[in-house]
Amino acid sequence: MWFKNLIFYRLTEGFDHNAAPLEALMAEHSFTPCGSQELSRYGWTSATGGLTDSLIYEVSGFMMVCAQKEEKILPAGVIRKAVDEKIAVIEHEQARKVYRKEREQLKDEVILDLLPRAFSRFSQVKAMIMPRQGWIVVDTGAHKHAEELLNLLRNTLGSLPVALPDVAQSPSAVMTHWLQAPEQQQLAFAIQDECELRDSLVESGVIRIKGQELESDEFIAHLEAGKRVVKLSLEWDEKLNFMLEESLCIKRLKLSDQLKENLESEYQDEELARFDTDMTQMGLEFSRLIPQLLHAFGDDVTN
């Protein structure tokens, strides 16, 4: 159940909600399937992936929540074909031209007609609330999806003062410097074999490098030519491997073999107990990772 991607937000005020009363508030915004004429629905679902019915799950001071979305799938080509057929009938039978405003009305009619027969796509986004540490960590690589979950939580609570961290130094500039001067990189982070470079003058000028030495003369020549690092694969504290983006978004998070072995030795047969173990360890690691990551870029100036 470990998160695969991380976007983390600072709680700018204390989070004084306990799990039991928060569960009651979340129940008012729980997920329900789309009605026959609805394009989408969004709400809270089981925080443990069905191991319990709880909408919020707390262990070791960390809280897990999960939002579920249902979206009706209406391919643009299917809608366009149905609209064109309606227009063809009107123009043939009434001998007149169908203009833009009427076409939009016909499109709305087609969508309403197709919705009851449309397939649904379901997706989930989890988040860990860390009240003592002052963070909310969302398991997604897209800020749009993270903000969607936070908006649901804000509507549930009435307010949710959070902010993305604002570090003192440009992550892109710092990561570029690490590759130019490896001896000056942060000791907790070990550079791996993958990165993405972008031309400072031409936004479309992108170079992706994987499975190569990032200290070779050929690679350094790209940096000297003015290209900057916008993504860099790192290993943190011999425990977690991930791709760090210049926005401080973490993607493709993976556990090191050593951490996997440590967790395996602690796992119990009961599935919920394993969930507890993973959630506790994940919260502890994030509690250490996030401050060290921010410190590597001059710390959060909003703190």
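The values are calculated or read from the model by the stated rules, or taken from the named source; none is laboratory data. Only a predicted model underlies this, so the values are computations on that prediction, with no experimental measurement involved. As a convention, Cβ positions derive from the backbone with ideal geometry for all residues, glycine included, and neighbour counts pool all protein chains shown.
Please determine whether any residue of the range 52-68 is surrounded by fewer than 17 Cβ atoms within 10 Å (Cβ to Cβ), under 20 Å from Thr140 (Cβ atoms) and aliphatic (A, V, I, L, M). Checking the range 52-68: not a single residue is surrounded by fewer than 17 Cβ atoms within 10 Å (Cβ to Cβ), under 20 Å from Thr140 (Cβ atoms) and aliphatic (A, V, I, L, M).
Contact map, the range 282-303: first residue closer than 13 Å to Phe242 by Cβ, second residue loosely packed, with under 14 Cβ neighbours inside 10 Å and modelled with pLDDT of 95 or more, Cβ cut-off under 6 Å, separation 6 or more or different chains; the map is empty. Note on the range 97-142: residues that are under 17 Å from Ile56 (Cβ atoms) and assigned by TED's automatic domain parsing to the domain that holds Lys86 amount to 0.
Mind telling me which of the residues Ser256, Ser247 ends up being among the hydroxyl-bearing types (Ser, Thr, Tyr), under 20 Å from Arg288 (Cα atoms) and in contact with a Leu (Cβ under 7 Å, 6 or more places away or on another chain)? Step through it out loud before you land on a result.
Values: Ser247 fails: in contact with a Leu (Cβ under 7 Å, 6 or more places away or on another chain).
Exactly one of Ser256, Ser247 is among the hydroxyl-bearing types (Ser, Thr, Tyr), under 20 Å from Arg288 (Cα atoms) and in contact with a Leu (Cβ under 7 Å, 6 or more places away or on another chain), namely Ser256.
Is it the case that Glu70 is touching a Pro at 6+ places or on another chain (Cβ under 8 Å) and not β-branched (Val, Ile, Thr)? Full working, then the answer.
Values: touching a Pro at 6+ places or on another chain (Cβ under 8 Å): yes; not β-branched (Val, Ile, Thr): yes.
Considered against the rule, which asks whether it is touching a Pro at 6+ places or on another chain (Cβ under 8 Å) and not β-branched (Val, Ile, Thr), Glu70 comes out as yes.
Of these, Ala127, Ala146, Ala163, which one is touching a Ser or Thr at 6+ places or on another chain (Cβ under 6 Å) and crowded, with 19+ Cβ neighbours inside 10 Å? It is Ala146. Looking for something assigned to a loop (DSSP other than H, G, I, E, B), touching a Leu at 6+ places or on another chain (Cβ under 8 Å) and more than 30 Å from Tyr57 (Cβ to Cβ) - is there at least one such residue anywhere in the range 226-237? Scanning the range 226-237 turns up at least one residue that is assigned to a loop (DSSP other than H, G, I, E, B), touching a Leu at 6+ places or on another chain (Cβ under 8 Å) and more than 30 Å from Tyr57 (Cβ to Cβ).
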